[in-house]
Amino acid sequence: MRLPILARAMRICQVVHGFPPLERTGVENYTAGLARALARDGHRVEVFVPRKDPLLADLALRREERQGFAINWITNNHDPQGPREALFVPELETAFAAFLERERPEIVHFQHLIKLGLGLVSVARARGIPTVYTVHDYYPICHRYTLLRPDLARCDARADARACARCDLALGYLNAQPGLGDYQLGVLREQLAPAAWEVLADILAGRAEVHGRAHADVLAAEEDRAALDRARLEAYAQFDLLLAPSRFLIGELERAGFARGRVQHAPLGFEVEDLAALQPVRERGRSVRFAFLGGIAKHKGVHVLLDAFALLPGGAELVVWGGSSDAAYVERIRRRCGEVGAQWRGTYERSDLPRILAEVDALVVPSIWFENFPLVVHEGFAAGRPILASRLGALAEVVRDDVDGLLFEPGDATDLARVLRRCVEDSATLPRLARGIAPVKTMEAEARGLALRYEQLVGGRRSGEESTNLPPSLITAVARHAALSGLPARELFARVLAGLDQLRAAWSVDLGGAGAVELLASGLGEGSEAQDRLREARNEIAWLRTKKEEFDEGREELTTLFEDLDRLLNETRAGSQRQAQHLDAAGAYVRQKEAEALAAHERIRELEAVIAEKNRYIDEVRGHMHEAGRYIRHKEGEYLSAEQQIQQVAAQARAAEEELAKLRTLVETRQSEALQATRFARSKEAEVTSVTAFAQAKEAEARDASAYARAKEAEALEAAERLQSLGQELGQERERGRGLDARTRSVAEVSRLALETQARLLNRFLRPILTRLHALHGGQTPLELPGEGAGFAELLEALRQVERALGVLGEELEWLRPMHPELEARRRRLQELHALYKKHLLLRALLGWTDLGRELRSALESERRAGS
Amino acid sequence: VTRPVSVVIPSLDDLDLFERHLPPLLEELARRSAMDEVVVVDDTGRDVLAQGLARWPEVRVVARPENGGFARAMRSGIEAARHELIFAMNPDVLVRRGFLDPLVACLSEDEVWAVVPRILLGGVEERIESWAFLREKGGLIELDQPALRGAADGRALRLAPVSFAVGGACLYRRADFLATGFDPLYEPFYWEDIDWSWVGWRAGKRVLYQPASVVEHQHRGTIGRRVPKDFVRAMVERNRLLFSWKHIDTPDLERRHLAALYRWALDTYLEDRREDLVWLAFALEELGTALVARARLAPAARSIEEILRRSRPSE
């Protein structure tokens, strides 16, 4: 495999939760190998790792140089008392800040944050140091880092605080169960009593309240978990670079909320060169030898493998190597090995691996959790050993089924037995799979690839920081200062001591050959700040010791007191036990009596309930009766009222009958009236017709008479005017007659004769006119006309009477004229009725012998007769 | 008193400071009528000041072809100066009326190497920056400015010797400067003025503080605004050590100084004061140069301890 080019030498810090030889699982071994490889390439590597050491004070830092790199063990003896304490460890943040200040790494690569806390990321970023995180498991999205529930079922929830809170509650429940020991990630069903297993199942199913958990507690757990999950995501968002060795893991992270593309795929490398020289797997005459190597933990599924092995008929061996702190499970596996004929070998060192693998034909990885990139798979491949693995998580990605290994259903002993049997029965299978194994990425390649990534990040950060506004005369000095500032304190100190030695050498003549130690002693003799602080600390320690002694004395006293109390308690307890037996018997009697009394009380309560029920019934009946009385009274009232109403109605009916009779009479009257009216109308119509004709004739006559009268009036006036003129002439003649004798009398006579003539003329013409007018006027009194030969003045008076009569006659005519259309309409209706009567037989039948019918029939006959 | 003076001002692109500080200076020089001149050294290397200062034709601009730092710029200006008396001045100094005559008067005595006015930091009367002394404490040489730590008294208003003339505002002779000059050991800046004053003291001369002459230091961080603060502090500490290694010349002080350095290194390491270690390492990188400069020193008329004693204010 071609190695990437070498990056420039850098100061690199690796942060991990454990380190060999104290802890030896995958991530720890990988980190150790990476540190070695980076150191071999010239990088200065400082590993920051927590450990427990009761002999050291908390946060004491011990630096240990090993194989070209240094391990900085930070002591943390404090066990977190809950999820929050596990995620946030402020004391470690302070210690990490001091460590970074001293060591000045250019980059910090976190391999894990468990046992360290999320805050370390911010500490590094606050100092402007680029950060990398390699995701080795599910810690960024699962506080248990395995996606396994406490009942060892695989968790399907992602970014679900409620599911995580149930997990917390379930763990709390398990922790309270006695006798489980270090059960690690969870328990198998057989480890718990059935009732306890049910409780566990209920809690995980969200039914914690059923088992006495307050609802508020459950809600609080959910809120707490949601806040912690948010904090976890925020912390991971700060990394400059996130790497994950499998695509499966990347997919799970993205499912839980990581942005797509945020995590880069970077398969890990391993220190496996020593395994490459092993003999390849060949077809053998002896039985096939399978092996399990690694942590003896339940989620690794060793029990599944042993169950499967028990199903094999023979022809195979199984060797189990490994150990863990889960002593109960380890013991169970050891015992089970004996039961099924497998060989239990226990723990092993990494240096044993070539020897172990040399004796093995295939490795089995029967994990029941979502494995990510297990080291043992790559160790097996490096040694040319096929892998038989669960079809689960990244195992199915790393092991190619039927190419370099075989896959089986996780947790399924039968399916695993099928795979084992196939290897046993077909001796060519394993050698064929061994030939399909691809080369394993070495740690050297891993280190160089990572160093190039580091350099990229550091270079990017540096170019962002460089000032472009620096006067040229300052550039060199500023650069030198920056370079020195970046050195670890330890290296600076070494440089300073070397420089001071040079100065001492330059002044050696004046110094009289005084050595560094002598000068240092002299300097310290004058006083040292560090010494001052040591004194302060010592004084403080002395004071604390005094206090501790006082405390110890107090504790001893308390211990004695507690012992006395304990003894007293024991004595009391013994006495109590005896008394308890008596009390038990008495208690049983009391309980029996109590039960009887309770039963009696119960019976009384039942009877009381019955009485109460009956009373309630009586009350109800009483109420009903009261209601019925009220109803009856109400109905009586209604009856009386109805009777009155009936009487009233009867009276009204009688009145109505009478009214009806009246109406009938009235109708008949009206009919008769109508008939009479018809008759009257008809007569009136005839009258009107005749009146109209008469009126028209009279009108014509009146018009003629009027015209005649006006003509005669005009003539009379003219005659009067002539008469007046003649009178005047007569007067003139009389005057002349007086003058004349003979002629005078004759002329007067002539005048008198003339007047008389005029009067006769008037009488002759006027008298018929007046008589006619009087007749027209319909006068009842006889007309008084001037006698024959009446004088002219009487005639004039008669003319004025005629004029007045003509005026009255005109007024009557004017009054009659509007009645004419109405009479016309009535006449038309009668004609229509008459026509209908003639036309419709039904109408004739209906009218029958009514008066109207008879009238119409008579009219019809009259008409018919008139027609004929 | 009327001897002409060349005012030399080394500068980067500090036109904003010139806007405020040149007019009172020119006014004072005009009032003196002594044919004084003003030489501004453009140390940007980009010749940017001439155009900006063209409105003051009496100001002569000397443009350096490249940026060289304070010491080299000052030398360029002094070389270009026409008069024997040089008033070295930083652009952030604001002169008060009549500041120059008392200084010129002091320099009439041959044994006076340089004279420094009463420099008021920020223009505050009590904060006298130039009433400054060196002292030895626990084997280390320290700079003491009593007025800046609130310990000024009546002596600060008397004409008296001081350990050095602050390079940002002081009067000296052109010939003396050109004969010695600032030691490049201290480049790019700080303590070169102290070292130059020390050369005078070693030669048997004196450096005087003249309170009758008053200027204000309107501290705008002419350098500090261009580089990180921790670097400025490191330069001060580095050059303090280089000065010590160049000038400590008595076996006893050498012994005590080295013992103090070992103790200091150990203390700082144990107490996680890595910045002090950086200062020490920064200085020790120039140890060879310092020892060369030490070897080049002319024989001293006075030892360092004597100078420390003589340059302190009398009780």
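Bear in mind these aren't lab numbers, they're just calculated from the coordinates by the rules spelled out. Computed from a prediction, not measured in an experiment: that's the story for all the values here. Note: ideal-geometry Cβ built from the backbone for every residue, glycine included; neighbour counts use all protein chains shown.
Of note:
- Most fluctuating residue given options B:62, B:39, B:227, as computed from a GNM of chain B linking Cα atoms under 10 Å: B:227
- Residues with amide H under 5 Å from that of residue A:89, placed H, sequence gap 5 or more: A:118, A:119
- Over 27 Å between alpha carbons, listed pairs A:593/A:614; A:115/A:300; A:52/A:548; B:137/B:246; A:115/B:229: A:593/A:614; A:115/B:229
- Charge dipole (the stretch A:178-332, unit charges on Cβ, about Cα centre) - positive-most of A:294, A:324, A:233: A:294
- Taking all pairs of distinct alpha-carbon atoms in the protein assembly as shown, Kirkwood radius in angstrom: 45.9 Å
- For the stretch A:419-514, the gyration tensor built on C-alpha atoms gives an oblate shape. Its axis ratio a/c (a ≥ b ≥ c) is at least 1.5, and a/b is not larger than b/c.
- Highest-fluctuation residue, B:229, B:205, B:246 considered, GNM on chain B with Cα pairs under 10 Å: B:229
- Screening chain B for whole DSSP H helices with an alpha carbon extent of at least 20 angstrom along the helix axis and a mean Kyte-Doolittle hydropathy of at least -1.0 yields B:15-32, B:229-247, B:251-270.
- Phi angles of the stretch B:107-122 translate, via the Karplus equation with coefficients 6.51, -1.76, 1.60 and θ = phi - 60°, into HN-Hα couplings of 7, 6, 8, 5, 7, 8, 7, 7, 9, 10, x, 7, 8, 9, 5, x Hz per residue; Gly and Pro are given as x.
- The Cα center of the stretch B:153-186 and the Cα center of the stretch B:80-97 differ in position by 13 Å.
- Rounded, prolate or oblate (a/c below 1.5 giving rounded, otherwise prolate when a/b exceeds b/c) for the stretch B:141-263 by Cα gyration tensor: rounded
- Net +/- balance of residues flanking residue A:652 in space, Cβ distance below 14 Å, scoring K and R +1, D and E -1: -2
- Dipole size of the protein assembly as shown about its Cα centre, with +1 on Lys/Arg Cβ and -1 on Asp/Glu Cβ: approximately 2860 debye, rounded to the nearest 20.
- Sequence-ordered 3J(HN,Hα) estimates for the stretch A:510-525 from the Karplus curve with 6.51, -1.76 and 1.60 and θ = phi - 60° stand at 5, 7, x, x, 5, x, 5, 5, 4, 5, 4, 4, 5, x, 5, x Hz, glycine and proline given as x.
- Under Karplus coefficients 6.51, -1.76 and 1.60, residue-wise ³J(HN,Hα) of the stretch B:53-65 in Hz, glycine/proline x: 9, 4, 5, 10, x, 6, 8, 9, 10, 10, 9, 7, x
- Computed over the stretch A:322-438, Cα set: Rg, Dmax in Å: 14.3, 39
- Think of the protein assembly as shown as having a plus end and a minus end, set by charges on the Cβ of Lys, Arg, Asp and Glu; of A:384, B:198, B:45, A:384 sits farthest toward the positive end of this dipole.
- When chain B is treated as a GNM with alpha-carbon contacts under 10 Å, the residue of B:113, B:131, B:264 showing the greatest mean-square fluctuation is B:264.
- Estimated 222 nm signal from helices in the protein assembly as shown, with DSSP H stretches of n ≥ 4 weighted -39500 (n - 2.57), rounded to 500: -19500 deg cm²/dmol
- Spin-label pair residue A:607/residue A:843, simplified geometry with 7 Å Cα→Cβ offset, distance in nm: 10.0 nm
- Cα gyration tensor shape for the stretch A:233-307, rounded if a/c is under 1.5, else prolate or oblate: prolate
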